[in-house]
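Working notes, structure below.
Each value in this text was obtained by applying a stated rule to the coordinates, not by laboratory testing. No experiment lies behind these values; they were computed from the predicted model shown. Every residue, glycine as well, gets a Cβ built from its backbone with ideal geometry; the counts of neighbours run over all protein chains shown.
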Amino acid sequence: MYNEKVMEAFQNPQNVGEIENADGIGEVGNEVCGDIMRISLKIENDVIVDAKFKTFGCAAAIATSSTATAMIKGMKVDDALAVTNKIVIEKLGGLPPQKLHCSVLAEEAIKKAIEDYKNKQNK
Amino acid sequence: MIKLPIYFDNAATTPVDKRVLEKMTPYFTEIFGNPNSQHVFGRESVKAVDNARDTIAGIINAKPNEIYFTSGGTEGDNWALRGVANAYKDRGKHIIISPIEHAAMIETAKALVKEGFTVDFMKVDGEGFVDLEHLKSIIRDDTIFVGCMMANNEVGTIEPIKEIAAIAHEKNAVCFTDAVQAAGVLDIDVKDLGVDLMSMSSHKIYGPKGVGALYIRNGLRISSIIAGGHQERMKRGGTTNVAGVVGFSEAFKIANEEREKNFNYVSSLRNHFIDRVINEVPFVKLNGPDKDKRDKYRLPANADFSFRYIEGESILFSLDLAGIAVSSGSACSSGSLEPSHVLLALGLPEGLAHGSIRFSFGKHNTMEEVDYAVDEIKKAVERLRAMSPLFKIEGDKKYV
Ligand code: FES
């Protein structure tokens, strides 16, 4: 049911883990299925220098987390906000329809982590 | 050397036994007549269908004219419930089924609610056993149908059908059992059990797909759900699947003859598997009957585990990549995104239901395959837990 790119990203995901003393952390739960994802970011001068994720979720959730974190590394935070789940899905060559909601996790977790970073900046 | 992939999903379906296929083959090309035809071609097919009916009736201690061929378990379930509801609605409109029935039952029951019937569920305990006292307390004078599977497909629990039938009959309700997982595995005598209806399927016991039978006790009223032909004594329209019923009866015959041997062999694989998983993989829960009840109250092929902190679909695909085929009750692997209704009925918290995997063994599996699988499970579980945000503190109470 998954294509090869998705299976590859699921089998060998990049950026698994947790950044210590992260500059921004975002944890989200998926309302559709109850899955959970946490993304932590290391940010220097508004540039994402490192991103890591942990996921309790299906193969699609793991694959999209891997791809999304890989994409935002090296991006400016505001550019990273523009990385939508659609872009991630395209990069992975598509997901089965009942699995589209899984990709929302990564997008939301990244947004939340950046929000967290911005909140900390403003203090 | 182990040959990959390994098939541990025998509760989903089984490969056709070579002996069964051999019996079936002539009925595709040589003896192809329509059993409804009057000529010699038709009569040859009738003979084959009659023989199959006799064989199946003999195994379950029914009369041949109590066996109705169907397209399988789903049709049998639909027919039993809908057919009885239609035929008995003048007597009452109350239906009781277990909450761990196959979707064919549950969905039919839901449809009947829309048509004015009332459906109540008997309670099951944490191991999946029906609570008989609860059943006694909800059955009413207007209850027309009591339905419970003989053995559950997901967690393997073997239900007290004889007792359930006795309770149903005290109130003159019809008692149905879905024996799709049990037929050919357990010793079944419909007269001794006292059930009025029983659905069976061929492809779970090394027979072909798309064929099964419904046992309907003589004297029971039931309406048809498939109109348009006088097959199966006017009760089920559609040209009989001659090769299919020949295959089904041969599969059932072999399963019955080799029942003890297969039971012992398959449960030895399963028991070794359960023991190793419990001893070697931390934070697992065996779903269904407790370990010490497994030899008597759990289907010999079944082992269902929840792996804490991780999600079933990702386990399923990890094992698939390692060459092991299993199934999952997790929300993510179902089209509906709801965790298995069976595990929820057993009271499992959603998180655990989410991380469930069903392993079902068969006569073609080997001990080497079981050992290989346990080693791969350990690796997959460790890898996925390292990715899980829930698995940070050992024994994290929040998610148990
Ligand atoms: S994230 Fe839950 S089904 Fe994919």
message = Using alpha carbons only, how many angstrom separate the centre of segment A:15-46 from the centre of segment B:9-81?
response = 57
key: segment B:18-257: C-alpha pair distances exceeding 30 Å, %   = 24
remark   = Stokes-Einstein, Kirkwood over Cα pairs, segment A:4-117, 20 °C, 1.002 mPa s; D in µm²/s equals 159
ask   = Could you list, bin by bin from short to long, the percent of Cα-Cα pairs of segment B:304-374 in 10 Å steps?
value = 21, 49, 25, 5
task = Please average, across the residues of A:47-60, the number of beta carbons from any other chain that are within 10 Å of each residue's own beta carbon, and give a whole number.
result = 5
request  = Calculate the length of the line joining the C-alpha centroid of segment B:113-192 to that of segment B:306-322, in whole Å.
outcome  = 32
message = Tell me which cysteines of chain A come out unpaired when the rule is another cysteine's Cβ under 4.7 Å.
response = A:CYS33, A:CYS102
inquiry  = If you wrap a convex hull around the alpha carbons of the protein assembly as shown, what volume per residue comes out, as a whole number of Å³?
reply    = 173
Whole-Å semi-axes of segment B:1-107's equivalent ellipsoid (Cα gyration tensor) = 31, 27, 12
Compactness of segment A:29-78 - radius of gyration and Dmax, Cα, Å = 12.0, 36
key: Per-residue [θ]222 nm for chain B (sum of -39500 (n - 2.57) over DSSP H runs n ≥ 4, rounded to 500)   = -12500 deg cm²/dmol
note = Square roots of five times the C-alpha gyration tensor eigenvalues of segment B:247-301, ordered largest first and given in whole Å, equal 28, 11, 10
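Averaging sequence separations of C-alpha pairs under 8 Å and six or more residues apart, then dividing by the length of chain B, give the relative contact order as a whole percent.
Working: 795 pairs, mean separation 84.4, N = 400.
RCO, chain B: 21 percent.
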note = In whole µm²/s, the translational diffusion coefficient that Stokes-Einstein assigns to chain B, given a Kirkwood hydrodynamic radius over C-alpha pairs, 20 °C and 1.002 mPa s, equals 97
inquiry  = List the lysines whose Cα sits under 20 Å from the Cα of B:LYS18, skipping any in the same chain fewer than 8 residues away.
reply    = B:LYS3, B:LYS204, B:LYS209, B:LYS253, B:LYS261, B:LYS363
note = Listed by chain and number, the residues whose amide H is under 5 Å from that of B:ASP9, excluding neighbours fewer than 5 places away on the same chain and using placed H, are B:SER360
